[in-house]
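Each remark here refers to the structure printed beneath this line.
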Amino acid sequence: MPLKKTALQNLSHEDTMATLNLFSAQTIINGIKKATKDMDGFKVYVSGGGLHNPLTMQQLQEEFPGQVTSFLDLGINPDAKEACLFAVLANETLAGNPQSVKNIKDSPAVCMGKISLPY
């Protein structure tokens, strides 16, 4: 849909960015709420680029007061998200332990990796 049909062609860059930021934060919030629907006392550990966005962090902390923190609190560099993710996936594959994803409603129990041994 062309922008002129939305009557938003005069929207400032700042308003556009604020809207996109709020949309992103609300999407994350909705996902967390869905994943933690029947859970109490959960923590949200943030890493990567979102951790460096003060507005996103503020929005998350307002929605989940006292529950949002950095990977740094786990002793993990918060900018090493991808490396940590692959380490977790490798560990779960080696252990043959897909049950950890069963805590998320409608999530299949699968191992997200493959072991390839040399001849």
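The values are calculated or read from the model by the stated rules, or taken from the named source; none is laboratory data. Values in this document were obtained by computation on a predicted structure and should not be read as measured data. In case anyone asks, the SASA skips ligands and DNA or RNA and just uses the protein heavy atoms, side chains included. Shrake-Rupley method; radii C 1.70, N 1.55, O 1.52, S 1.80 Å.
With every protein chain left in place and a probe of 1.4 Å, what is the accessible surface of Asp15, to the nearest 10 Å²?
Here the residue's solvent-accessible area equals roughly 80 Å².
Whole number in Å², please: accessible area per residue of the chain, 1.4 Å probe, ligands, DNA and RNA not counted. Don't skip to the answer; put the middle values down first.
Numbers: 9280 Å² over 119 residues.
That works out to 78 Å² for each residue.
What is the percent carbon and sulfur in the accessible area of the chain, measuring with a 1.4 Å probe over the protein chains and ignoring ligands? Could you put the intermediate results ahead of the total?
On the way: 5550 of 9280 Å².
C and S atoms contribute 60 percent here.
Go through Ile29, Ile115 and list them by solvent-accessible area, largest first, probe radius 1.4 Å. Before the final figure, lay out each step's value.
Numbers: Ile29 5, Ile115 95 Å².
Ranked from most to least accessible, the order is Ile115, Ile29.
Could you compute how much accessible surface Tyr45 exposes when probed at 1.4 Å, giving the result in Å² to the nearest 10?
Accessible area of Tyr45: about 90 Å².
Going by amide H atoms built from the backbone, whose H comes under 5 Å of the H on Val44, apart from near neighbours?
Val68, Thr69
Just one of (i) 2, 12, 23, 27, 23, 12, 2, 0; (ii) 2, 9, 13, 15, 18, 15, 10, 7, 6, 3, 1, 0, 0; (iii) 2, 11, 15, 20, 20, 14, 9, 6, 3, 1, 0 is P(r) over Cα pairs in 5 Å bins from 0, in percent as worked out from the coordinates here. Which one is it?
Only one listed value fits the structure, namely (ii).
Taking the full set of protein chains and a 1.4 angstrom probe, give the accessible area of His13 in square angstrom, rounded to the nearest 10.
For His13, the solvent-accessible surface is approximately 150 Å².
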